[in-house]
Amino acid sequence: MSDLLTDVLSGGVRGGTAIMLAALGETLAERAGVVNLGTEGCLLVGALTGYAVAAETGSPWAGLVAGALAGAALALVHAGLVIWRRADQFATGLTLMFFGLGITSLFGVAYVGKAAPGFAPVEIPLLSDVPVLGPVLFAHDPVTYLSYLVAPLMWWWLRRSRSGLLVRTAGERADVLHLHGYRAGLIRGGAVVAGGALAGLGGAQLSTAYAHAWFEGMTAGRGFIAVALVIFAAWRPLRVVAGAYLFGALLAVAPVLQARGHAVNQFAMDALPFVITLLILAVIGRRTLRAAPQELRRVFESSSSN
């Protein structure tokens, strides 16, 4: 039983890394007052670009950088449309999600079944030998280890730095920025693009370090889970980590049980993370939404009134 739990928790960390990076990127964008439902598209283009560049160059690190840039590029389109062209944030995000699905299906055909170098698990000496915590936290790929730093650094940056304060102000009182000579649109745009880069990085981790393959629609709704997770975590980066690993563990249950010879309903297990997401959102309701940045609440209220 303990080995089963260890395998599920380890799979939760490994499989939850992409969700965590995407959710942290969405946290950054929403802190600036912009919702990006196209996070799923950013994950997809990051996954394909990362895998394709790794296959063509022989370097998974080059693929990782390329995946982040691809996610940033798609997020830049979202930022341009919703910030400077005043397009509806929800409609634009969904459109870009479908665009990401379509473009990766078109250009990804050549990489289905094609081998590419990826990131292998690296055990950290001494730490990987610690009972339970060792295999759960310290026997993963280098990208997962790097992801451990993202949430605390984002928390510190948003709380303690001047630029982080500007991002939070853009999400709370954009008019204050205008009074002090700052351009809220540029700050929001930068936050959305940076968030897309994190989502693209998560997609590249998914293809080059987790699945070691590319196949159509491989993100399987992780982007939507990431968007919901931001609300569940009340826009707090450190809470995002716990939520991402929880959903990663839910995704890992079926493969672990199957590997141990247990018969499971794959369709039911695939639906489990989304059922849990809906239940959590139903429970937290409007109470958590009150903690949203003020500019973001206006987006939600405007959408609900239409």
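Observations, loosely collected:
- The chain, accessible surface, carbon-and-sulfur percent (1.4 angstrom probe): 67 percent
- Calculated from backbone phi, Karplus (6.51, -1.76, 1.60) coupling profile of the stretch 92-109 in Hz, x at Gly/Pro: 5, x, 5, 4, 5, 4, 5, 4, x, 5, x, 5, 6, 5, 5, 8, x, 4
- Calculated SAXS-style log₁₀ I(q)/I(0) at q = 0.12, 0.14 Å⁻¹ - the chain, Debye, Cα scatterers: -0.77, -1.03
- In this calculation the C-beta distance from residue 176 to residue 283 is compared with R0 = 25 Å, giving a FRET efficiency of 0.15.
- Altogether, the Stokes-Einstein calculation at 10 °C and 1.306 mPa s, with the Kirkwood radius of the stretch 143-201 over Cα pairs as Rh, returns a diffusion coefficient of 128 µm²/s.
- Under Karplus coefficients 6.51, -1.76 and 1.60, residue-wise ³J(HN,Hα) of the stretch 236-249 in Hz, glycine/proline x: 10, x, 5, 5, 4, 4, 4, x, 5, 5, 4, 5, x, 5
- Per-residue Karplus couplings for the stretch 224-232, computed as 6.51 cos²θ - 1.76 cosθ + 1.60 with θ equal to phi - 60°, are listed in order as 5, 4, 4, 5, 5, 4, 4, 5, 4 Hz, Gly and Pro entered as x.
- Looking at the stretch 156-306, the accessible area is 50 square angstrom per residue; that uses a 1.4 Å probe and ignores ligands, DNA and RNA.
- Mean-position separation - Cα centroids, the stretch 131-164 and the stretch 44-123, in angstrom: 22 Å
- Highest-fluctuation residue, 193, 241, 136 considered, GNM on the chain with Cα pairs under 10 Å: 136
- Positive-end residue of 189, 143, 262, charge dipole of the chain with Cβ unit charges: 189
The values are calculated or read from the model by the stated rules, or taken from the named source; none is laboratory data. All of these numbers come straight from a predicted model, not from anything done at the bench. Virtual Cβ from ideal backbone geometry, glycine too; neighbours counted across all protein chains shown. Ligands, DNA and RNA are stripped out before the accessible areas are found, and what is left, the full protein with its side chains, is counted by its heavy atoms. Shrake-Rupley method; radii C 1.70, N 1.55, O 1.52, S 1.80 Å.
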